[in-house]
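Worksheet: the structure to be examined is printed underneath.
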Amino acid sequence: MLTDTRLASDELQRIANELRDNWHTGREVDFEEAIAFHESLPHSKEFATVLESADAPLLQPRAGVPCLEEQIELLRYLQDEGGADLLPTTIDSYTRDNEYEKAEEGLAASRNSPDNELNGFPAVNHGVEDCRRLVRALDAPIEVRHGTPDARLLAMVTLAGGFQSFEGGPISYNIPYTKEHSLAETIEHWQFVDRLCGAYTERGVTINREPFGPLTGTLVPPSIAIAVMLVEGLLAATQGVRSLTLGYGQVGNLVQDVAALRALRSLGEEYLPDDVTVTTVFHEWMGGFPPDEARASGVIGLGGATAAVARPDKVITKSPQEFQGVPTKEANASGLRTTRQLIDMLIEQDIDLGGIDDEQDLIERTTHALMDAVFDAGEGDVVQGVLNAFDSGALDVPFAPSDAAKGAVLPARDDDGRVRIFEFGDLALPDDIKQIHASRLGERARTEGRDESFRMVADDVDAISDGKLIGRPTGDSDLAGGVGDAD
Amino acid sequence: MLTDTRLASDELQRIANELRDNWHTGREVDFEEAIAFHESLPHSKEFATVLESADAPLLQPRAGVPCLEEQIELLRYLQDEGGADLLPTTIDSYTRDNEYEKAEEGLAASRNSPDNELNGFPAVNHGVEDCRRLVRALDAPIEVRHGTPDARLLAMVTLAGGFQSFEGGPISYNIPYTKEHSLAETIEHWQFVDRLCGAYTERGVTINREPFGPLTGTLVPPSIAIAVMLVEGLLAATQGVRSLTLGYGQVGNLVQDVAALRALRSLGEEYLPDDVTVTTVFHEWMGGFPPDEARASGVIGLGGATAAVARPDKVITKSPQEFQGVPTKEANASGLRTTRQLIDMLIEQDIDLGGIDDEQDLIERTTHALMDAVFDAGEGDVVQGVLNAFDSGALDVPFAPSDAAKGAVLPARDDDGRVRIFEFGDLALPDDIKQIHASRLGERARTEGRDESFRMVADDVDAISDGKLIGRPTGDSDLAGGVGDAD
Amino acid sequence: MPETVILGVIGSDAHVVGITILEQALSAAGFEVENLGVQSSQEEFVEAAKAEDAGAVLVSSLYGHARQDCEGFHERLEEAGLDVLTYVGGNLSVGQDDFESTRERFREMGFDRVFDAETDPEEAIASLRRDLQLTTTEPEAVRVDS
Amino acid sequence: MPETVILGVIGSDAHVVGITILEQALSAAGFEVENLGVQSSQEEFVEAAKAEDAGAVLVSSLYGHARQDCEGFHERLEEAGLDVLTYVGGNLSVGQDDFESTRERFREMGFDRVFDAETDPEEAIASLRRDLQLTTTEPEAVRVDS
C-alpha cells in the first residue's frame, strides 16, 4: 500500500537506473558530478537563496522555446529588458507526455526552421550539458516549469543540469492536466522527484519545489487550492524537500486575494515541518483574458497592485498578449514591467484593507476542515488520505478534466466578486461554512433578481475576458453603480 | 476695484460686442439662435445631464487636431474604440495666446499637409458652424479643453457652436500656464466667461464649467489644489454657473488620493451655493511618465484603481505614450480601456481603506485655513481675497511659472509617499498643521538617513518617471522591502 | 422516466469548463446525464449511447480539430445500430470561416444540430426538448401534479 | 558678502521645476539668488547681472531651442561691460546629438560650463565655488568661527 513514507535510498537508486534507459540523455546523469556543478555556481544562481532572502516580491515570467540558443536569447531578454528576478524554462507538451521521440523530431524540425515546432524547451532531449549551458549563460536562477504528471526523468536531467527549482506535484500536475492518470500513480512518481530533490538538499544543494497553486485556473476557491498546496507540501517534506514555494492564483477580488495569500503563508507554516522554509507565489489571473492588450494590461495591473499589498515572495506575471497564446518576448517583458511599476509605486504605501482578517479566517477555517477530512480519510496517512478524499469527493477541484477528481464542486462569485462555492458535491465542509457560502451567493442572486444557478457560474467564467469581474446578467447596466457608493 | 459681483447684462453685451471684432467668426455668434441649437440636441449630448446622472465614473481622454474632419474621426475612434463616455476638444497653443492669425496660418498649412501644424483644434478659426458639425457628428457630449488665460472669444464661439462644457478658470489657467498675466486681468476675463455660461444656464441650457484641478501637475499638495477649486467655483457661481466639476490630479498615494477626492466633494458642497450641482473629476497622473509603455500602463492602472475606490464623477485618462507627447489615437484609446478594465473589475468590490478619514480630515483642516486666509485678505470679497492672498503668498502654488504666484512653496513626499509641504513660504497655515507636515517629512528623512532638503523634492519630481513613487536616495535598494512588512 | 443524454469532449481536447456547466444545466432541466468528460473517443461515445439507451449524444470540441475528430462518427453509430439524436458544439473550425459554412459541413457529416461556442445551455436544452418531443415539465406543473 | 547668482529659463520655455529646485539649492549653499523665472529674455539676464553685480549667470533651457535663444548672448554681455561667469544647462539640443558635441558648441558660444539635464544641483554648486574661488564655508567651520 502506497503510504507517506520516505523512499529508501536503494529504491531511489533502482528507479533512477531504470529511468536512465528511457532516453539516452538519462545516462549522462551523475549525481556526484552534478553536486560539484551546483557547488560551482555563484550564490546569485541559487534559487532558494535568492528567493528566500528577497525583501520585496520577485518577478518571474513563463517562457520556453525549443532550441538552446533561442532559449538563452529569450531568457536574457526577459532578464535584461523585462527585469525578471527569477527565470523560467517552460517544457514542451511532448515531454509532458514522456514522448521523447516526438520531442526529438520537433526539436530537429525547429533547428531546421524559423518556426518553433514545439511549445517549449525539451530539456530531456537537450540533456545535462545543454541545461548547464543555459544555466551558465544567464545571471538569475532558473526554474523548470512544465505540467508533467511523470516528471521523474525530467527531474533527473534538469537537476543534474543545474536547475535549482522544479514546479509541480502529484495533484497539481495531475488533476488540471490529464484525464486518466490515477493519483496513486502520480503520487508514486512525485515521491521519486521529491526524494531526488531531498537527496540534493541533504548534500547542501537546496532544490526549491513549487506545487502548482492555480490548479484548473478557473475560479478555484482559495481553501481548495490551499489544501492541495498543503498536502503536496507535506508529501514533499516527507521526502526531504526543505524549500517549498506554495502557490495561489489571483481570483481578482483584492480582499480575498490578499486574505488567501496570508492564509496560504500562515497555514503553510502551521502544517509544514519547522525545518521547511515556506515561501509563497502569486500567479496573476490564470483564467481567460480580454482579447485586447489595453484591457489585458489592466488585469495585469490589478495583479501587480494585489501583490504590492499581499507581498508574496514571488509573482508569476502574465503578458498583455495572453489572449492569443504564447506572447512575443516584448509582450512578455511588458507584463513584467507593468507589474513592477504597480509594485514599486504601491509597496511603500501603508495600505490597510478592511475585511481581510474575516476573509482570512473563513479561508483558514474552510481549509482546516478539508485538511481534517484528508487526515481522517487516511487514518493519519496523507497519501491514503489524499486518495480516499479525492475518491469520495471530500476533496475536490472545480472544472477538473481528470477522472481522479469528482469535479462536482462548482464556484461562483458573490456580490462583492469573491469566489464562493455554489455546488458543494461531497466536499467535506461543515454546515456552518456551507451556510456562509450559500448566504453570500443568495445576496448576489437578490441583487441580480435571478436564482442562484449554473448560469452565474457560466457568466462568471467569461466575466474577466468580457471586461468585468462578476458575470452580471446583461441588459442591466445599472447594477455596477447601484451597489453602494463608497463616498 | 474688481470685486466678486455679477457682471451686469449691458456690460456682458458691451464686451461681447468688442470681442466680436477680434476675429471674423465672432460676428457669427448669435445668442438666441445658439439657444435654439442647444435645444435641438438630444439629452445624450447634454454634458451636465450625462455627467450628473452617471452612476459610475465616466471616462474622458484629451484630444485635438487642427482640421474638422480629422477631429471628428479622432473623437469617433475614441468614442467607439476607446469607449470614452465624454469627449474633449483640445485647443491649439496659438488660440491660447489669442493669436488667431497664426492659428489661421497653421490651420491652412495643416489642410495642405499630412502633418498637423497646430497642436490642437483652433475652434475660433473654425467658427460656430464647424463646431456644430463636430457636435452633430459625435454621440457623446464634448468639452472645450484649452489652457487659455483670456478665453472670452473662445467661449463665445464654442458655446454658440454647441459645446456644453468649458474647462479652465482665472487661477488654474493663469498660474500654471503663463508668466506675466496678472490675476486681476484673468479674473476679469473669466467673470465674462462665467457670466456667459450663466446666461445660457438661465435660458435652460446648462453649461458645465470645470476649473483645472492639477494646476502645475507637479506634486501639488491636495489642500492647495482644492482651495483653488473652491475659489474658482465661488467666482463662477457668482456669475450664474450652476454645474461645476471640481478637479484633482492624482499624486499616486492611494489613501491620499481617495481622501483628497472625498475632501474635494465634501468641501465643494460646503462652500458652494446650494443651487450649484458639484461633481468631481480625477486626472490620472499629470507629472512625468516612464519612457516605457508597459510601465506607463502601470501608472494608468493605478489611476484606474484609485478611481474605482474614490468614485469621482469623471476621470481624465492618460495614454501609455504620455512620455513622448501627443499619443496616437490607438494609444489614447488604450489608456481609456486600461482604466476601464481596472474600474470595471474593482468598482463592485467593497474596498475599505484604513487611514482615509484621518487624511481627509487633515486635508479639510488645511483647506479651511487657506480659505479663511482668502476671505480675511479680501475682507469678505473673494476676488480681493484671491488677489491679496496670492500677492502675500498666503495662497501659493508650487512650481508656478507665473509671476502672479510667489512659488515659494515646495512639496515633498513623506515616508508613505503622501505629498507634504517641505517649504511653506508665506502659506497661511497654522503651526499645528505645519508641524504635522514637518514631522512626516522628518520620518522620511530618518528612514533615508539624510536631512530633509531640496534633494528630496528633486528626487520626488523624477520618481514616477523613474518607476518609483518616492525619490529615495539611490544605492540603497534595500529600502523598498525594509519598511514594514504587511504580512 | 427521464431521457438520458451522453455528453463529452471529443478527441485530445481537454476543455472542461463548457461541459461541466452544460452537465449542470441538463441535470437541472431534468435530463439524466452521462458525462464522459474530456478527451473522449468516438468509441466511448458510441458505447455509452448504447449502454444507456440514450436519446441524444452531445459532442463538444473547443480546440479546433472537431472535423478530424468527428470523421466517421455517424458511420460508427449506424454500425452499432443506434438511431440517436446528435448535436455538436464549440469552436468547430480553426480558421476564420463564417459559421454558416461550418454548420453546413457538420450537418452533412450527419449531426442534427450544430452550435457555436457562444450558445447558451438553455438554447441546447430547448432544442433537445423539441427534437425529443418532450413535454416541457415546468417545475410549477410538477408541483400541481404531485 | 555672499556672491550673487542670476538664474533663469531663457526664451519661450516655461519649464519651472529645475530652476525652482536649483534656486533652493543655491540659497541653501549660501549664494544670493536672483531668479528671473521662466521665459526670460537675454536682455533680462544682462540687466539683472549688471544691477546685482552678479558673479555668475546660470541659463536653463529644456525645450530644445537653447542654441537659438542663446545666440549673441555673450556679445550682449560684453557690450554691457560685464565679465561674468556663464553656465548653461538642460536639454540643449533637440536631436540625438551626443552631449560632447553639444558641449563643444556651447563652449564656442562663450559659456564657461555646459551641463546636461541629469546634472545634480550639487555639481553646479561645486563648480561655481571652484570657478569663483570661494572658500568652502562648511556649516561646521562657520560654527567654530562664531
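The values are calculated or read from the model by the stated rules, or taken from the named source; none is laboratory data. These numbers come from a predicted model, not from an experiment. Cβ coordinates were reconstructed from backbone atoms using ideal geometry, including for glycine residues, and neighbour counts include every protein chain displayed. Protein only, heavy atoms only, side chains kept; ligands, DNA and RNA dropped before computing areas. Shrake-Rupley method; radii C 1.70, N 1.55, O 1.52, S 1.80 Å.
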| field | Farthest positive-ward along the stretch B:19-149 dipole, Cα basis, beta-carbon charges - from B:Ala36, B:Leu107, B:Cys131 | value | B:Leu107
| request: Output, in nm with one decimal and in ascending order, the distances from the D:Gln133 label point to the matching label points of the other copies (7 Å from Cα along Cα-to-Cβ). | output: 11.7
| said: Helix A:222-238 against the longest principal axis of chain A: what's the angle in degrees, Cα atoms only, rounded to the nearest 10? | reply: 30
| query | If you find the alpha carbon centre of the stretch A:86-103 and of the stretch B:428-451, how far apart are they in angstrom? | reply | 57
| remark: The chain A residue whose Cβ lies closest to the rotation axis carrying chain A onto chain B, with that distance rounded to whole Å, is A:Gly301, 1
| task | Using Cα centres only, tell me the gap between the stretch D:22-78 and the stretch B:241-282 in whole Å. | result | 40
| request: Please give the residues from the stretch A:272-310 for which the solvent-accessible area of heavy atoms, probe 1.4 Å, is smaller by at least 40 Å² with all protein chains in place than with the chain isolated. | output: A:Ala294, A:Arg295, A:Gly298, A:Leu302
| said: For a quick check: with amide H placed at 1.01 Å from N, whose amide H comes under 5 Å from B:Asp415's, ignoring anything fewer than 5 positions away on the same chain? | reply: B:Arg444
| field | Rg and Dmax of the stretch A:1-135, Cα atoms only, in Å | value | 17.1, 51
| said: I need the inter-copy label distances for B:Asp115: point set 7 Å along Cα to C-beta, values in nm with one decimal, smallest first. | reply: 4.3
| field | For the stretch A:391-426 versus the stretch B:125-176, the gap between their alpha-carbon centres in whole angstrom | value | 56
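Only helical DSSP H runs with n ≥ 4 go in: add -39500 (n - 2.57) per run for chain D, normalise by residue count and round the 222 nm mean residue ellipticity to 500 deg cm²/dmol. It would help to have the intermediate numbers written out before the result.
Working: 7 runs with 63 residues, N = 146.
After summing the helix terms and dividing by residue count, I get -12000 deg cm²/dmol.
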| remark: Counting only DSSP beta bridges fully inside chain A, the antiparallel percentage to nearest 5 is 15
| Per the 1.4 Å probe, what fraction of the accessible area of the stretch B:142-266, in percent, lies on carbon and sulfur atoms? | 43
| remark: Rounded to the nearest 10 degrees, the helix A:9-19 long axis (Cα) sits at an angle to the longest Cα principal axis of chain A of 80
| message | Test of the criteria: in the stretch D:35-138, which chymotrypsin sites (Phe, Trp or Tyr not before Pro) are in a DSSP loop and have at most 14 other Cβ atoms within 10 angstrom of their Cβ? | response | none
| field | Accessible-area value, B:Glu117, 1.4 Å probe, nucleic acids and ligands omitted, Å² | value | 90
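Evaluate the charge dipole of the protein assembly as shown about its Cα centre and quote only its size in Debye, nearest 20, assuming +1 on the Cβ of each Lys and Arg and -1 on the Cβ of each Asp and Glu. Write out the running numbers ahead of the final one.
Numbers: 104 positive and 234 negative charges, 92 e Å.
For the protein assembly as shown, the charge dipole is close to 440 debye.
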| request: Using only Cα atoms, tell me the angle between helix A:254-271 and the longest principal axis of chain A; keep it within 0 to 90° and round to the nearest 10. | output: 50
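So what's the back-of-envelope 222 nm ellipticity for chain B, counting only DSSP H runs of four-plus at -39500 (n - 2.57) apiece and dividing by all residues, rounded to 500? Could you put the intermediate results ahead of the total?
Values: 18 runs with 237 residues, N = 487.
Helix-only estimate at 222 nm: -15500 deg cm²/dmol.
Can you give the Kirkwood hydrodynamic radius for chain B, in Å, rounded to one decimal and based on Cα pairs? Could the numbers behind the result be given before it?
On the way: mean 1/r = 0.0439 Å⁻¹.
It is 22.8 Å.
Note down the magnitude of the dipole of chain C about its Cα centre, charges +1 on Lys and Arg C-beta and -1 on Asp and Glu C-beta and zero elsewhere, to the nearest 20 debye. Mind showing how you got there, number by number?
On the way: 10 positive and 31 negative charges, 19 e Å.
It comes to approximately 80 debye.
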| task | Just grab the label-to-label distance for C:His74 and B:Glu32, each label 7 Å out from Cα along the Cβ direction, in nm (one decimal). | result | 7.6
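Given charges of +1 on the Cβ of Lys and Arg and -1 on the Cβ of Asp and Glu, with all other atoms neutral, how large is the dipole of the stretch B:194-348 about its Cα centre, in debye to the nearest 20?
Numbers: 13 positive and 17 negative charges, 36 e Å.
Here the size comes out at about 180 debye.
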| task | Could you compute the FRET efficiency for A:Asp10 and A:Ser182, with r as their C-beta to C-beta distance and R0 at 22 Å, rounded to 0.05? | result | 0.30
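What quantity of accessible surface, computed with a 1.4 Å probe and excluding non-protein components, is buried in total between chains A and B, in Å² to the nearest 100?
Details: alone 18660 and 18670 Å², together 32790 Å².
The summed interface area works out to 4500 Å².
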| Between B:Asp432 and the same site in the other copies, what are the distances in nm, shortest first, taking label points 7 Å from Cα along the C-beta direction? | 4.6
| Between A:Asp376 and B:Ala438, what is the spin-label point distance in nm, taking each point 7 Å from the Cα along the Cα→C-beta axis? | 6.5
| remark: At R0 = 35 Å the Cβ-Cβ FRET efficiency linking D:Ala126 and B:Phe323, nearest 0.05, sits at 0.70
